[in-house]
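Data first, discussion second: the structure below is written as structure tokens.
The values are calculated or read from the model by the stated rules, or taken from the named source; none is laboratory data. These numbers were taken from a predicted model, which means no experiment stands behind them. FYI the Cβ positions are ideal-geometry reconstructions off the backbone, even for glycines, and counts take in every protein chain you see. Just so you know, the surface numbers come from the protein's heavy atoms only, side chains and all, with ligands and any DNA or RNA stripped out. Shrake-Rupley method; radii C 1.70, N 1.55, O 1.52, S 1.80 Å.
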Amino acid sequence: MNVAELSGVPEWLPEHLHERGVESLYPPQAEAVAAGVTEGESLVASVPTASGKTLVAELAMLASIARGGTALYVVPLRALAGEKRAAFEEYEEHGLSIGVSTGNYESEERWLASCDVIVATSEKVDSLVRNGAPWIDELSCVVADEIHLVDDAGRGPTLEVTLAKLRQCNPGLQVVALSATIGNPELLAEWLDGALVDSDWRPIELKRGVHYGQALHLEDGSQRALPTGDGERPTAAIVRDTLADEGSTLVFVNSRRNAEAAAKRLGGTVEEFLTSEERRRLADVAAEIRDVSDTETSEDLAAAVEQGAAFHHAGLASDHRALVEDAFRERRLKTVCATPTLAAGVNTPSRRVIVRDWRRYSGDVGGMQPLSTLEVHQMCGRAGRPGLDPYGEALLLASSHDELDELFERYIWTEPEPVRSKLAAEPALRTHVLATVASGFADSRSSLLEFLDRTLYAVQTTEAGRLERVTDDVLDYLAANEFLERDGEELQATALGHTVSRLYLDPMSAAEIIDGLRAATERPSPLGLYHLVSRTPDMYELYLRSGDREEYTMLAYEREEEFLGAMPSEFEDERFEDWLSALKTARLLEDWAEEVDEDRITDRYGVGPGDVRGKVDTAEWLLGAAERLAGELDVEWAPAVREARKRVEYGVRAELMDLTGVRGVGRKRARRLFGAGIETRAELRDAEKGVVLAALRGRRKTAENVLENAGREDASMAGVEPDTAAAAAAGVGGWRGGSGADGGDGSDGATGGDADTEDQSNLGEF
Ligand code: ADP
């Protein structure tokens, strides 16, 4: 179907698509149009990766807007919100406004009401519904991207319940659900009352196969020699073979450490193929990477990139990830070794994909587990760049004949698994039942059950009565903790319950925090508070490594009186272990708030800079919630909680809190100013310019900005000489003279790196 024949869409669209290189619709897109996607019909599109699902969504949204409506695009990861925003921004020239909702939880973001397209994560939409954002009722079209993630135990239930709520408050709502190919797309269509487009069409041929011995065994039954050199690993041999044909390779491995090690090794293979021009361009990327932060991870990444290979995982700062993705798309980088985070949506096609590891460690099982067929298919789907490659090739690796057979059986001949709702798990229901009652979607047990009947779980379950049983258990729990009141059939959220729901806390986290605050008999220490929030289910655990148990057991006894609430006995194995791993997180936060260098922290705790950021952000949110709860409960510790929160927010000791409140003054600059005798914002405003300049290492531009932000009227540094005596007092020898550009100090910003919610999620645990 030619795009000029589309009806119901804005008249500028065909021309616009034409400019983008889209002349005619791909077959699944044409099927979606035939099913009425531009006329407001709901639809589930189960289509392989990279086969143009986004355009199906765009057609639905634009047609809906043309009819006077508003569209919401729900993404599973915050990183994808940015990518989609960039994609939709091109509609702004045609008068549409695009908004991304990335604000904190517990805000209504009224400005979004004026947008035509709103992009947000499902958690964010859930929180907007809880806070009664008024524009929610006016949506006409909702797109749910990567709907197969309803199967994810961590975030699936939120997506599921959020869609059910949106549909309840907008009876005529069009829902367009985009899915990877899954085993049971009919069921999703039944749940959402939509038409189904179920297709395995791809814009570029995909050949899948297994490398075994010295050959590729492809799914069409053919074999091709691909010998490994003496002592050469298969991955390196395949990368070399692809490079000889000027292609790029994406390698999926099962852990961050493996991604880093593989990138380092493959750098040696790739480097030989680089021209001097390519080396120069890679050196530019490496320099940008080093500018993001001065951690060891940053250095390792830059070093690998110089050789034309990179790694990509959730432990990286998001700026690092974006640099790697861009350089790979621009073909500067020849190889990227990634954990599965890269398979989840980011658009980085490659000539060849290697799924090197098909098992990964699972904490739940306590051992290695095979990846699902769905996941492997999504990774394979990244192979082949339309318009650039003749075809894509996706390869698994076998080291024995049996493994060759097993891989074919498991991943090549087999259809992806069906998705299954995870809503009936207690933690998920606990949160969503409270939110559903608090935000007025149900006011009695029966209306609650009626609401839950609109979820995928209800459509899917064959186990009569299970949902009802778990719901009753959850209602008991919520009532016992005074988040809900029950009066016969009637349900009502208490004031505390409303607060908990708005703060977006798991009720169990709230209960833990409340008990801890009530148990404190004297002003709690920061470590005590960090430990309290670290042991809630909303904080992802840091695992204990070998040797950690002893170290943290000792620490636990040393600092026992700081804990809020009683420490479990060493003989309560599991509880004690959890206590220790919370202590590990708490000490990481304490180190951060004691101004320990980011680099030392990543080293000491065996984590990436992205993880430090993730922990800090989560702690900040939970402590903010704790402060609110302390206020509400009339517990006297709110000021102590606020101080602990601010310290973790800025990563500073108490004496620097005032200075770090000034925009542009991060933990390091604050420490230098303090060392030079400038201890408060007021002192900074009136300080000698020469002293400020010296403390800020002679960087004039920085000094001017900082002074201006502190409220100084004339902040100009023209003609000011750094006062070196003050510099010496500040212990800052290496200031730069002149008007110094402000480079190379990236870790000094008020918030350090950057992180995504995904770092705290199941998805980000790779
Ligand atoms: P998916 O969401 O299914 O993984 P995308 O929507 O990201 O895939 O599409 C993959 C690529 O195909 C994008 O670069 C997109 O611009 C391009 N594309 C989509 N539809 C068409 C079309 N009808 N003609 C040409 N290119 C298309």
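Annotations
- Accessible carbon and sulfur surface of the chain relative to its total accessible area, %, 1.4 Å: 45 percent
- D by Stokes-Einstein for segment 388-439, Kirkwood Rh over Cα pairs, 25 °C, 0.890 mPa s: 158 µm²/s.
- Filtered GluC sites (Glu not before Pro), segment 527-580: DSSP coil and at most 15 other beta carbons within 10 Å: Glu570, Glu572
- Rounded to the nearest 20 debye, dipole of segment 3-198 from Cβ charges on Lys, Arg, Asp, Glu: 460 debye
- Probe 1.4 Å, protein heavy atoms only - accessible area per residue of the chain in square angstrom: 40 Å²
- Scoring 127-134, 497-504 by mean Cβ neighbours within 10 Å over their residues and listing the highest first yields 497-504, 127-134.
- Debye intensity ratio I(q)/I(0), log10, segment 530-617, q values 0.21, 0.26 Å⁻¹ (C-alpha model): -1.04, -1.51
- Cα-based radius of gyration of the chain once divided by 2.2 N^0.38 Å, which approximates compact folds: 1.00
- Cβ-defined net charge surrounding Glu219, 10 Å radius [Lys, Arg +1; Asp, Glu -1]: +1
- Shape of segment 426-502, Cα gyration tensor, a/c cut at 1.5: prolate
- Dipole size of the chain about its Cα centre, with +1 on Lys/Arg Cβ and -1 on Asp/Glu Cβ: approximately 1640 debye, rounded to the nearest 20.
- Entry note, the chain: the mean residue ellipticity at 222 nm calculated from DSSP H runs of n ≥ 4, each adding -39500 (n - 2.57), is -13500 deg cm²/dmol after division by the residues and rounding to the nearest 500.
- When both bridge partners sit in segment 251-384, DSSP labels roughly 30% of those beta bridges antiparallel.
- Which of Ala695, Pro568, Gly631, positive extreme of dipole for the chain (C-beta unit charges): Ala695
- Ratio of Rg to Rh for segment 563-657: 1.01 [Cα atoms; Kirkwood radius as inverse mean 1/r over pairs].
- Across segment 206-412, the relative contact order, built from alpha-carbon pairs under 8 Å that are at least six residues apart, equals 28 percent.
- Packing-based ranking, highest mean first, of 246-253, 273-280, 648-655, 197-204 given that Cβ atoms within 10 Å are counted: 246-253, 648-655, 197-204, 273-280
- Taking the charge dipole of the chain about its Cα centre, with +1 at Lys and Arg Cβ atoms and -1 at Asp and Glu Cβ atoms, the residue from Gly247, Gly465, Gly36 reaching farthest to the positive side is Gly247.
- Mean projected area (nm²) of the alpha-carbon convex hull when segment 1-112 is viewed from all directions: 7.7 nm²
- The spacing between segment 507-526 and segment 576-614, judged by their C-alpha centroids, is 21 Å.
- Alpha-carbon Debye profile of segment 3-198, log10 I(q)/I(0) at 0.13, 0.18 Å⁻¹: -0.63, -1.29
- Kirkwood-based Rg to Rh ratio, segment 273-327, C-alpha trace: 0.95
- For segment 522-651, the Cβ-based charge dipole about the Cα centre amounts to some 320 debye (Lys, Arg positive; Asp, Glu negative; other atoms uncharged).
- Contact order normalised by residue count of the chain, Cα under 8 Å, 6+ apart, percent: 11 percent
- Listed residues Leu196, Val9, Gly664: farthest to the positive end of the dipole of the chain (Cβ charges): Gly664
- Across segment 206-412, Cα-Cα distances exceeding 22 Å account for 45% of all pairs.
- Taking every alpha-carbon pair under 8 Å whose residues sit at least 6 apart, segment 3-198 reaches a relative contact order of 29 percent.
- Whole-Å semi-axes of segment 412-560's equivalent ellipsoid (Cα gyration tensor): 34, 25, 11
- Antiparallel bridge percentage (DSSP; both residues within the chain; nearest 5): 25 percent
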